[in-house]
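Step one of this worksheet: look at the structure below.
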Amino acid sequence: MTLFLLLVIAAIVLGIIGVVAEGLFYLLVIGIVVALAALVHLGLHIRRSGRRRRTR
């Protein structure tokens, strides 16, 4: 979960810098890619934690 939060914060920072700084549009694109990677990571984490089997 810590990795997810770190990726989200990095995506937000990169997105803000990409929008504000002139000529650094590629940072906005990288921020969007990092945000998508964070969502994929969260989805895999939730999926993995829900498949625990109980042994009798």
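The values are calculated or read from the model by the stated rules, or taken from the named source; none is laboratory data. Just so you know, these numbers come straight off a predicted model, no measurement behind them. No Cβ is skipped: glycine too gets one built from the backbone with ideal geometry, and neighbour counts run over all protein chains shown. With ligands, DNA and RNA removed, areas are computed over all heavy atoms of the protein, side chains included. Shrake-Rupley method; radii C 1.70, N 1.55, O 1.52, S 1.80 Å.
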Margin query: Can you give me the orientation-averaged projected area of the convex hull built on the Cα atoms of the stretch 1-47, in nm²?
Written below: 2.6
Checklist line | Accessible solvent surface per residue of the chain, calculated while the other protein chains remain in place, 1.4 angstrom probe, Å² | finding: 87
Item checked: Residue-by-residue Karplus 3J(HN,Hα) for the stretch 17-32, coefficients 6.51, -1.76, 1.60, Hz, glycine and proline x -> 5, x, 7, 6, 7, 6, x, 10, 4, 5, 5, 5, 5, 5, x, 5
Item checked: Accessible surface of the chain [probe 1.4 Å, protein heavy atoms]: carbon and sulfur percent -> 70
Item checked: Loop-located trypsin sites (Lys or Arg not before Pro) in the stretch 9-51, at most 13 other Cβ atoms within 10 Å (DSSP) -> ARG51
